[in-house]
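Enquirer: Please find one structure pasted underneath; my questions will follow.
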C-alpha cells in the first residue's frame, strides 16, 4: 500500500497494490498493521457502513463529537465520488480548511479521515456504492454537521448547485461557526 499525505496533517490517500491478470484483479484493501504504520497512529476499526446513491447526491458534512469522535477509512466499490474532509480540530493550524479526493472503483483509492474532521461526499457517476470503516460506534446524541455550502469553507463540489440532491437534514445543517464543537 502507498500512503500519500495530503496538505492537511493526518489525512492520507491510500493506494492499494492491485495485481491484475486476464482473470481480473486482486488487492488487499485493508491490513491493520500496514495501515497503522502508514498513517503513523493506532487505529482500530469497529464498524463498517455502506451506502448506495445516485448522481448528484451529496451526503455531509458529518462528524461525531467528544468521546464518540470517529476516524474513517472510505472507498468506493462502484462508481465515482468527490470526497471531502474538513479540519474542525479547534487547535489545528489548518482549522476550517478542507481536502478533496476523487475516489472510484477504477482508481481503487481510499481516503483516511482522522478524528476531528467533518466528512462528506458527492456522487459524480450515475450511481455509487460508498463503503467506510469507522474506529468508533455511531452515537446519535454526538452527531454534528456543517452545511455543505458554508462560504467560509469555500468547497468547490465540481457540480451544478441546482442539480444537487440533499436530504432535508443535511440542507438544514449550520455553518461552521455555529456547529457543535468536535471536542
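Enquirer: Taking the Cα atoms of the stretch 43-178 alone, what are Rg (to one decimal) and Dmax (as a whole number) in Å?
Expert: Over the stretch 43-178's Cα set, Rg and Dmax evaluate to 14.0, 39 Å.
Enquirer: Under the 0.36 nm per residue contour assumption, what length would be gained going from the current alpha-carbon distance of residue 100 and residue 178 to full extension?
Expert: Once the chain is fully extended between residue 100 and residue 178, it gains 25.8 nm.
Enquirer: Computed FRET efficiency, Cβ-Cβ of residue 158 and residue 33, R0 35 Å: what is it to the nearest 0.05?
Expert: 0.50
Enquirer: Can I ask one more? Using a Gaussian network model of the chain with C-alpha springs under 10 Å, which one of 130, 95, 112 is most mobile by mean-square fluctuation?
Expert: Most flexible of the set in this elastic network: 95.
Any read-out appearing in this document is the output of simple, stated calculations on the displayed coordinates, not a laboratory observation. Small disclaimer: the values here were computed from a predicted structure and weren't measured. FYI the Cβ positions are ideal-geometry reconstructions off the backbone, even for glycines, and counts take in every protein chain you see.
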